[in-house]
1. Filter region 128-146 down to the residues that are closer than 19 Å to residue 90 by Cα, part of a strand (DSSP E or B) and touching a helix residue (DSSP H, G or I) at 6+ places or on another chain (Cβ under 9 Å) and list them by number.
2. Can you list the strands (runs of 3 or more DSSP E) found entirely within region 1-71 that contain at least 3 residues being modelled with pLDDT under 90?
3. Among what's in region 27-78 and is within 23 Å of the chain's Cα centre (by Cα) and farther than 26 Å from residue 97 by Cβ, pick the residue that is surrounded by the most Cβ atoms within 10 Å (Cβ to Cβ).
4. Only one of (1) loosely packed, with under 12 Cβ neighbours inside 10 Å; (2) modelled with pLDDT under 95 fails for residue 111. Which number is that?
5. Taking strands (runs of 3 or more DSSP E) that do not extend beyond region 73-127, which have at least 1 residues that are over 24 Å from residue 179 (Cβ atoms) and either out of contact with any helix residue (DSSP H, G or I) (no Cβ under 8 Å at 6 or more places or on another chain) or free of Cβ contacts under 8 Å to residues at least 40 places away in the same chain (or both)?
6. In region 166-214, what residues are under 27 Å from residue 14 (Cβ atoms) and at pLDDT 85 or above?
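The values are calculated or read from the model by the stated rules, or taken from the named source; none is laboratory data. Since the model is a prediction, treat every value here as computed from it, not as a measurement. All Cβ positions, glycine included, derive from the backbone under ideal geometry; neighbour counts span all protein chains shown.
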């Protein structure tokens, strides 16, 4: 809990009074998970999949019982961020378009199980928090990796010294994507944003993960 000493009869609309004179503020834990994939090699892509109802009408040969649904897929082409779509149960997969599964014919890859960890940033867009941690505004960012002899140049999505900054720094993820470099069949990085809202409850958790896609 994030506690502080409260003044006498101080109202507490943004937290919970946990003891006389002690308030605990509501707060969020927002994490960025850096994923540097190598699925059957360095040339990888990200495939986005939405579940949608069939456009064919009830009674038609394609949708005789009226309950058909299918998926719409697109490969992300340039650096940028994506929103989660709850209605479409949106999924992302890190894939290699050079190889396909022998039975399904789908590209080999790993699916990202992010649904349980998606939490929107509650801070205002122009707040101190949102300005210095732009990564927290989107659940998925995809960028092209930039390697030197010392290693990757893209490590910290909010800059190396985020806690000491008041605004957005140049070496941060929103600045990286302004170039809109290709992320199709490239050496890419994914930054997954997951979190939780702290309401001063005894147990909380963040859930995310990966699964093999066949």
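1. 141, 142
2. Numbers: elements: 3-5, 15-19, 22-25, 27-35, 45-53.
Result: 27-35.
3. Ranking the qualifying residues of region 27-78, first place goes to 30.
4. The failed condition is (1).
5. Working: elements: 80-82, 91-100, 107-113.
The qualifying strands (runs of 3 or more DSSP E) are 91-100, 107-113.
6. Our first condition is that a residue be under 27 Å from residue 14 (Cβ atoms); within region 166-214, this holds for 166-168, 193-207.
Of everything in region 166-214, those that are under 27 Å from residue 14 (Cβ atoms) and at pLDDT 85 or above turn out to be 168, 193, 194, 195.
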